[in-house]
Each structure stands twice: as C-alpha cells, then as structure tokens.
Amino acid sequence: MHEMSIAQSIVDIVREEMARYDVKKLEVINLAVGKMSAVVPQHLSFCFSVLIDKTDLEGTRLNIREVPMNYRCQACGHGFEAEQVALACPACGEEAPRLEHGRELSVESIEVADLDAAPPPAQPAEDLGS
Ligand SMILES: [Zn+2]
C-alpha cells in the first residue's frame, strides 16, 4: 500500500529528530499533504497508527494539513488556488498554468509531550516521494 511506505518514512524522520534532540515522547506530528500528492489522509492516519502500535510512539497524533493546489500562470503571472486540476488561467485563459503548491508531503513540525524539551521544527520540504 502506497500510504504504508509513506507512514514508514514519517516514522523514520520523526525518530531521527527524536534521537537528535533526545526526545522520549511525542504529542503531535504536523504533516503537510498536498491535494495533488495522491495521499489519502485517512489511509495515512490508519497506516501510521498501525506502525506505532505497541511502540514508544504509541499515542502520538498525526495532524494532517491539506495543502490546496496553487497555480501560477506563465503568461500573465496570475496566481490562483484551485480545488481541482486547472487547465487554464482564469485571468487570461492561457493554458497549462504551473503548479506551485499541492504536491508536497512533508513533516512540518513535531510537538513534544514533555514541555521541558521542545525541539525546533523538522526540516521543511522533506520529500517523501509520491
Ligand atoms: Zn494568465
């Protein structure tokens, strides 16, 4: 399953961060998932909960933020957000606007359960593949 390997990548990244900052317990993992990333948030949450079951990460919540698709027209420079795949610029009608956001899949930050040690956010834009 596609989401399972992504969930595993998330766990790997988070464990690295935990080791680096000597963190024992996490509260929340904040994840950004683009609408074009072909990831189903519910599937990802499920896979994640399966992976962390009976581990030290058990109980950690996965907070998934869906990133809308953002396009920029290459002809007139108009930037716009779209719910669906956009084939043309709504301002000038030029075809094939460039997708600027919506494909990302990254760990934005992790929140530590123990407030004594708050690590800085994970490296943004960590590409997990799609
Ligand atoms: Zn345009």
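For segment 1-38, residues that are aliphatic (A, V, I, L, M) and assigned to a helix (DSSP H, G or I) total 9.
When residue 95 is tested against (1) under 18 Å from residue 34 (Cα atoms); (2) of a type in the set (D, E, K, R); (3) at pLDDT 95 or above, only condition (1) is not met. The criterion of at least 2 residues that are more than 16 Å from the ligand (Cβ to nearest atom) is met by the following strands (runs of 3 or more DSSP E) wholly inside segment 51-117: 61-67, 105-112.
Screening segment 65-80 for residues that are surrounded by 13 or more Cβ atoms within 10 Å (Cβ to Cβ) and charged (D, E, K, R) and picking the one that is modelled with the lowest pLDDT gives 66.
The values are calculated or read from the model by the stated rules, or taken from the named source; none is laboratory data. As the structure is a computational prediction, the values presented were derived from the model and not from experiment. As a convention, Cβ positions derive from the backbone with ideal geometry for all residues, glycine included, and neighbour counts pool all protein chains shown.
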